[in-house]
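The values are calculated or read from the model by the stated rules, or taken from the named source; none is laboratory data. All figures in this text were calculated on a predicted structure; none of them were measured in a lab. FYI the Cβ positions are ideal-geometry reconstructions off the backbone, even for glycines, and counts take in every protein chain you see.
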Amino acid sequence: MSSYSYENVKVELRDGIGWAIMNRPEKRNAMSPQLHFDMEDALARLEVDPDAKVVVITGAGGYFSAGQDLKTFFRELENDPLGRKKAQRSANAWRWDRMINYDKPTIAMVRGFCVGGAFMQLLGTDFAIAAKNATFSLSEVNWGILPGALVSKVVVDSVLMRHALYYACLGDPFDGDEAARIGMVNYAVPEDELENAVTKLAEKLMAKSPNVLRATKHAIRKVATMNYDQAYDYLAEKGKAIKVGDKEDSYNTGLRQFLDEKSYKPTFEAFKLGTLISDQSAK
(Lines give C-alpha, C1' and ligand atoms only; values in the text may rest on other atoms or scores of the structure.)
Protein backbone atom coordinates (compact mmCIF):
# COMPACT_ATOMS: atom_id res chain seq x y z
CA MET A 1 0.00 0.00 0.00
CA SER A 2 1.31 3.42 -0.94
CA SER A 3 0.14 6.74 0.44
CA TYR A 4 0.74 10.45 0.61
CA SER A 5 -0.44 12.79 3.29
CA TYR A 6 -1.19 16.42 4.03
CA GLU A 7 -1.95 18.39 7.15
CA ASN A 8 -5.72 17.74 7.01
CA VAL A 9 -6.05 14.99 4.38
CA LYS A 10 -4.68 11.48 4.14
CA VAL A 11 -4.46 9.48 0.91
CA GLU A 12 -4.10 5.71 0.75
CA LEU A 13 -3.81 3.58 -2.40
CA ARG A 14 -4.89 -0.03 -2.09
CA ASP A 15 -5.65 -2.48 -4.89
CA GLY A 16 -6.54 0.17 -7.45
CA ILE A 17 -8.61 2.32 -5.08
CA GLY A 18 -7.47 5.77 -3.97
CA TRP A 19 -8.91 6.63 -0.55
CA ALA A 20 -9.02 10.43 -0.07
CA ILE A 21 -9.68 10.83 3.65
CA MET A 22 -10.64 14.08 5.36
CA ASN A 23 -8.43 13.90 8.43
CA ARG A 24 -9.59 16.17 11.25
CA PRO A 25 -11.33 13.57 13.43
CA GLU A 26 -11.03 15.74 16.55
CA LYS A 27 -13.32 18.23 14.74
CA ARG A 28 -15.50 15.54 13.17
CA ASN A 29 -13.73 16.43 9.92
CA ALA A 30 -15.19 19.92 9.83
CA MET A 31 -13.66 21.57 6.78
CA SER A 32 -11.02 24.21 7.42
CA PRO A 33 -9.44 26.28 4.64
CA GLN A 34 -6.37 24.04 4.88
CA LEU A 35 -8.47 20.92 4.41
CA HIS A 36 -9.88 22.41 1.20
CA PHE A 37 -6.39 23.27 -0.07
CA ASP A 38 -5.17 19.77 0.82
CA MET A 39 -8.08 17.96 -0.79
CA GLU A 40 -7.88 20.01 -3.97
CA ASP A 41 -4.24 18.97 -4.41
CA ALA A 42 -4.87 15.36 -3.37
CA LEU A 43 -7.65 14.88 -5.93
CA ALA A 44 -5.53 16.46 -8.66
CA ARG A 45 -2.75 13.95 -7.90
CA LEU A 46 -5.12 10.99 -7.72
CA GLU A 47 -6.68 11.89 -11.06
CA VAL A 48 -3.37 11.24 -12.82
CA ASP A 49 -2.01 8.54 -10.51
CA PRO A 50 -2.00 5.26 -12.50
CA ASP A 51 -2.37 3.27 -9.27
CA ALA A 52 -5.79 4.85 -8.58
CA LYS A 53 -8.56 3.54 -10.83
CA VAL A 54 -11.43 4.62 -8.55
CA VAL A 55 -11.38 7.37 -5.90
CA VAL A 56 -13.28 7.14 -2.61
CA ILE A 57 -14.04 10.28 -0.58
CA THR A 58 -14.48 9.63 3.13
CA GLY A 59 -13.50 10.84 6.59
CA ALA A 60 -11.31 9.66 9.44
CA GLY A 61 -12.40 8.72 12.94
CA GLY A 62 -15.86 7.41 12.08
CA TYR A 63 -17.16 10.69 10.60
CA PHE A 64 -17.74 11.88 7.05
CA SER A 65 -17.76 15.62 7.74
CA ALA A 66 -19.53 18.02 10.09
CA GLY A 67 -19.54 20.66 7.33
CA GLN A 68 -17.55 23.88 7.23
CA ASP A 69 -15.46 24.74 10.28
CA LEU A 70 -17.34 27.80 11.54
CA LYS A 71 -14.31 29.18 13.35
CA THR A 72 -11.52 28.78 10.81
CA PHE A 73 -13.56 29.15 7.61
CA PHE A 74 -15.89 31.95 8.69
CA ARG A 75 -14.96 33.85 11.85
CA GLU A 76 -11.18 33.89 11.40
CA LEU A 77 -11.52 35.08 7.80
CA GLU A 78 -14.09 37.84 8.42
CA ASN A 79 -11.44 40.55 8.09
CA ASP A 80 -9.29 38.75 5.55
CA PRO A 81 -11.06 39.10 2.16
CA LEU A 82 -8.16 37.61 0.20
CA GLY A 83 -7.88 34.60 2.50
CA ARG A 84 -11.61 34.06 2.42
CA LYS A 85 -11.73 34.29 -1.38
CA LYS A 86 -8.94 31.71 -1.68
CA ALA A 87 -10.70 29.38 0.74
CA GLN A 88 -14.05 29.74 -1.02
CA ARG A 89 -12.56 29.07 -4.44
CA SER A 90 -10.71 26.00 -3.23
CA ALA A 91 -13.79 24.70 -1.40
CA ASN A 92 -15.96 24.99 -4.51
CA ALA A 93 -13.22 23.71 -6.81
CA TRP A 94 -12.69 20.27 -5.29
CA ARG A 95 -16.21 19.67 -4.00
CA TRP A 96 -17.95 20.50 -7.26
CA ASP A 97 -15.99 21.80 -10.28
CA ARG A 98 -13.34 19.10 -10.13
CA MET A 99 -15.68 16.39 -8.90
CA ILE A 100 -18.30 16.62 -11.64
CA ASN A 101 -15.63 16.66 -14.35
CA TYR A 102 -13.38 14.04 -12.76
CA ASP A 103 -11.91 11.50 -15.17
CA LYS A 104 -12.18 8.61 -12.72
CA PRO A 105 -15.23 7.20 -10.93
CA THR A 106 -15.75 8.68 -7.46
CA ILE A 107 -17.59 7.19 -4.48
CA ALA A 108 -18.60 8.86 -1.22
CA MET A 109 -18.37 6.52 1.78
CA VAL A 110 -20.48 8.05 4.55
CA ARG A 111 -20.44 7.11 8.19
CA GLY A 112 -21.09 9.28 11.22
CA PHE A 113 -22.02 12.88 10.49
CA CYS A 114 -22.64 14.40 7.05
CA VAL A 115 -23.74 17.97 7.73
CA GLY A 116 -24.29 21.20 5.79
CA GLY A 117 -21.43 21.97 3.44
CA ALA A 118 -20.45 18.29 3.30
CA PHE A 119 -23.49 17.71 1.07
CA MET A 120 -21.48 19.24 -1.78
CA GLN A 121 -18.85 16.48 -1.89
CA LEU A 122 -21.53 13.91 -1.05
CA LEU A 123 -23.60 14.88 -4.10
CA GLY A 124 -20.62 15.80 -6.27
CA THR A 125 -19.38 12.20 -6.33
CA ASP A 126 -20.68 9.75 -8.91
CA PHE A 127 -21.86 7.22 -6.31
CA ALA A 128 -22.49 7.21 -2.58
CA ILE A 129 -22.97 4.48 0.00
CA ALA A 130 -23.87 5.27 3.60
CA ALA A 131 -23.97 3.46 6.89
CA LYS A 132 -27.55 2.93 7.99
CA ASN A 133 -26.80 4.76 11.24
CA ALA A 134 -25.12 7.76 9.57
CA THR A 135 -26.55 11.17 10.46
CA PHE A 136 -27.38 13.63 7.68
CA SER A 137 -28.48 17.20 8.40
CA LEU A 138 -29.10 20.40 6.48
CA SER A 139 -29.05 22.30 9.76
CA GLU A 140 -28.24 25.82 8.51
CA VAL A 141 -31.76 27.06 9.18
CA ASN A 142 -31.29 26.20 12.86
CA TRP A 143 -28.45 28.70 13.26
CA GLY A 144 -29.73 31.45 11.05
CA ILE A 145 -28.20 31.09 7.58
CA LEU A 146 -29.01 29.57 4.20
CA PRO A 147 -27.46 26.32 2.92
CA GLY A 148 -24.76 28.33 1.17
CA ALA A 149 -22.10 27.89 -1.50
CA LEU A 150 -23.79 25.44 -3.89
CA VAL A 151 -25.42 23.25 -1.24
CA SER A 152 -28.98 24.36 -1.99
CA LYS A 153 -28.43 23.89 -5.73
CA VAL A 154 -26.89 20.42 -5.55
CA VAL A 155 -29.59 19.22 -3.15
CA VAL A 156 -32.40 20.47 -5.42
CA ASP A 157 -30.72 18.86 -8.44
CA SER A 158 -30.43 15.52 -6.63
CA VAL A 159 -33.75 14.95 -4.87
CA LEU A 160 -37.41 15.84 -5.30
CA MET A 161 -38.28 19.42 -4.40
CA ARG A 162 -40.50 18.31 -1.51
CA HIS A 163 -37.64 16.40 0.10
CA ALA A 164 -35.27 19.34 -0.40
CA LEU A 165 -37.74 21.80 1.14
CA TYR A 166 -38.59 19.50 4.03
CA TYR A 167 -35.05 18.93 5.24
CA ALA A 168 -33.69 22.40 4.39
CA CYS A 169 -36.56 24.23 6.07
CA LEU A 170 -36.87 22.01 9.15
CA GLY A 171 -33.19 21.20 9.68
CA ASP A 172 -34.16 17.77 11.05
CA PRO A 173 -31.51 15.02 10.94
CA PHE A 174 -32.12 11.81 9.00
CA ASP A 175 -30.31 8.48 8.74
CA GLY A 176 -28.72 6.48 5.95
CA ASP A 177 -31.88 4.57 5.08
CA GLU A 178 -33.76 7.85 4.58
CA ALA A 179 -30.87 9.26 2.54
CA ALA A 180 -31.18 6.23 0.25
CA ARG A 181 -34.97 6.52 0.06
CA ILE A 182 -34.85 10.12 -1.15
CA GLY A 183 -31.92 9.53 -3.51
CA MET A 184 -29.03 11.25 -1.74
CA VAL A 185 -27.07 7.99 -1.64
CA ASN A 186 -27.34 4.85 -3.76
CA TYR A 187 -27.97 2.59 -0.79
CA ALA A 188 -27.27 2.13 2.90
CA VAL A 189 -25.71 -0.84 4.68
CA PRO A 190 -24.86 -1.72 8.30
CA GLU A 191 -21.79 0.25 9.37
CA ASP A 192 -19.62 -2.83 9.78
CA GLU A 193 -20.30 -3.72 6.12
CA LEU A 194 -19.71 -0.24 4.72
CA GLU A 195 -16.09 -0.46 3.59
CA ASN A 196 -16.66 -3.87 2.05
CA ALA A 197 -19.69 -2.57 0.13
CA VAL A 198 -17.69 0.39 -1.19
CA THR A 199 -14.80 -1.87 -2.17
CA LYS A 200 -17.12 -4.22 -4.08
CA LEU A 201 -18.64 -1.28 -5.99
CA ALA A 202 -15.16 0.00 -6.83
CA GLU A 203 -14.11 -3.44 -8.06
CA LYS A 204 -17.15 -3.64 -10.35
CA LEU A 205 -16.28 -0.23 -11.78
CA MET A 206 -12.65 -1.25 -12.32
CA ALA A 207 -13.81 -4.21 -14.42
CA LYS A 208 -15.24 -1.82 -17.04
CA SER A 209 -13.33 -0.21 -19.88
CA PRO A 210 -11.92 2.97 -18.27
CA ASN A 211 -12.32 4.91 -21.51
CA VAL A 212 -15.98 4.00 -21.95
CA LEU A 213 -16.72 4.44 -18.25
CA ARG A 214 -15.22 7.93 -18.24
CA ALA A 215 -17.19 8.92 -21.35
CA THR A 216 -20.41 7.45 -19.94
CA LYS A 217 -20.31 9.29 -16.64
CA HIS A 218 -19.43 12.57 -18.36
CA ALA A 219 -22.26 12.07 -20.85
CA ILE A 220 -24.86 11.36 -18.16
CA ARG A 221 -23.90 14.53 -16.32
CA LYS A 222 -23.80 16.71 -19.44
CA VAL A 223 -27.14 15.68 -20.96
CA ALA A 224 -28.96 16.51 -17.71
CA THR A 225 -28.95 20.19 -18.70
CA MET A 226 -29.61 19.68 -22.44
CA ASN A 227 -32.81 19.48 -24.43
CA TYR A 228 -33.50 16.35 -26.50
CA ASP A 229 -32.05 17.68 -29.75
CA GLN A 230 -28.87 18.85 -28.03
CA ALA A 231 -28.52 15.56 -26.19
CA TYR A 232 -28.98 13.52 -29.37
CA ASP A 233 -26.26 15.44 -31.23
CA TYR A 234 -23.92 15.44 -28.24
CA LEU A 235 -24.24 11.70 -27.63
CA ALA A 236 -23.72 10.91 -31.33
CA GLU A 237 -20.42 12.80 -31.32
CA LYS A 238 -19.45 11.43 -27.92
CA GLY A 239 -19.96 7.91 -29.20
CA LYS A 240 -17.55 8.58 -32.06
CA ALA A 241 -15.03 10.19 -29.73
CA ILE A 242 -14.91 7.10 -27.49
CA LYS A 243 -13.28 5.14 -30.31
CA VAL A 244 -10.43 7.63 -30.66
CA GLY A 245 -7.53 6.52 -28.54
CA ASP A 246 -9.43 3.63 -26.97
CA LYS A 247 -6.68 1.10 -26.31
CA GLU A 248 -9.21 -1.61 -25.60
CA ASP A 249 -11.11 -1.01 -28.87
CA SER A 250 -14.09 -1.51 -26.58
CA TYR A 251 -16.84 -1.51 -29.21
CA ASN A 252 -15.30 -4.21 -31.44
CA THR A 253 -13.88 -6.21 -28.54
CA GLY A 254 -17.25 -6.32 -26.81
CA LEU A 255 -19.06 -7.33 -30.01
CA ARG A 256 -16.51 -10.06 -30.75
CA GLN A 257 -16.74 -11.57 -27.30
CA PHE A 258 -20.55 -11.50 -27.37
CA LEU A 259 -21.37 -12.42 -30.98
CA ASP A 260 -18.43 -14.58 -32.03
CA GLU A 261 -16.95 -16.06 -28.86
CA LYS A 262 -20.15 -16.00 -26.79
CA SER A 263 -17.89 -15.57 -23.76
CA TYR A 264 -19.94 -13.09 -21.75
CA LYS A 265 -23.46 -11.73 -21.24
CA PRO A 266 -23.45 -7.91 -21.34
CA THR A 267 -26.70 -7.71 -19.36
CA PHE A 268 -24.86 -9.18 -16.38
CA GLU A 269 -21.15 -8.40 -16.81
CA ALA A 270 -18.56 -6.37 -18.72
CA PHE A 271 -16.44 -7.70 -21.54
CA LYS A 272 -13.01 -8.94 -20.51
CA LEU A 273 -10.32 -6.29 -20.68
CA GLY A 274 -6.95 -6.99 -22.29
CA THR A 275 -8.36 -9.29 -24.97
CA LEU A 276 -7.80 -7.36 -28.18
CA ILE A 277 -7.47 -9.40 -31.35
CA SER A 278 -3.96 -7.98 -31.73
CA ASP A 279 -3.14 -9.11 -28.20
CA GLN A 280 -4.32 -12.62 -28.94
CA SER A 281 -2.33 -12.91 -32.17
CA ALA A 282 0.82 -11.69 -30.44
CA LYS A 283 0.76 -14.61 -27.99
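The residues in the range 140-154 that are under 22 Å from the mean Cα position of the chain (by Cα) and within 17 Å of A66 (Cβ to Cβ) can be counted, and the count is 4. If you filter the range 28-70 down to residues that are on the phi > 0 side of the Ramachandran plot and buried (at least 22 other Cβ atoms within 10 Å of the Cβ), you find that the one that is modelled with the lowest pLDDT is G67.
Among residues of the range 73-91 being buried (at least 17 other Cβ atoms within 10 Å of the Cβ) and out of contact with any strand residue (DSSP E or B) (no Cβ under 9 Å at 6 or more places or on another chain), the one that is farthest from K153 (Cα to Cα) is L77. Count of the range 249-266 residues, restricted to those that are in contact (Cβ under 8 Å) with a residue 40 or more places away in the chain and aromatic (F, W, Y), is 0.
Just to confirm my filter: which helices (runs of 4 or more DSSP H) fall fully inside the range 199-264 and include at least 3 residues that are surrounded by 15 or more Cβ atoms within 10 Å (Cβ to Cβ) and within 18 Å of the chain's Cα centre (by Cα)? Don't jump to the end; show me each part of the working.
Working: elements: 210-223, 228-243, 250-255.
The helices (runs of 4 or more DSSP H) meeting that bar are 210-223.
State all residues of the range 1-30 that are more than 17 Å from L122 (Cα to Cα), of a type in the set (A, V, I, L, M, F, W, C) and within 17 Å of the chain's Cα centre (by Cα); if no residue qualifies, say none. Matches in the range 1-30: V11, L13, I17.
Select, from G171, G183, the only residue that is under 17 Å from the mean Cα position of the chain (by Cα), surrounded by fewer than 18 Cβ atoms within 10 Å (Cβ to Cβ) and either at positive phi or at pLDDT below 95 (or both).
On the way: G171 fails: under 17 Å from the mean Cα position of the chain (by Cα).
Sole residue among the options that is under 17 Å from the mean Cα position of the chain (by Cα), surrounded by fewer than 18 Cβ atoms within 10 Å (Cβ to Cβ) and either at positive phi or at pLDDT below 95 (or both): G183.
In the range 224-252, of all residues being among the polar types (S, T, N, Q) and at pLDDT 80 or above, the one that is farthest from D157 (Cα to Cα) corresponds to Q230.
Candidates in the range 99-147 are the residues that are in contact with a Gly (Cβ under 9 Å, 6 or more places away or on another chain) and assigned to a helix (DSSP H, G or I); of these, the one that is nearest to T216 (Cα to Cα) is I100. Answer yes if at least one residue in the range 107-120 is closer than 21 Å to A202 by Cα, of a type outside the set (S, T, N, Q), more than 10 Å from the chain's Cα centre (by Cα) and surrounded by fewer than 19 Cβ atoms within 10 Å (Cβ to Cβ), and no otherwise. Taking every residue of the range 107-120 in turn, none turns out to be closer than 21 Å to A202 by Cα, of a type outside the set (S, T, N, Q), more than 10 Å from the chain's Cα centre (by Cα) and surrounded by fewer than 19 Cβ atoms within 10 Å (Cβ to Cβ).
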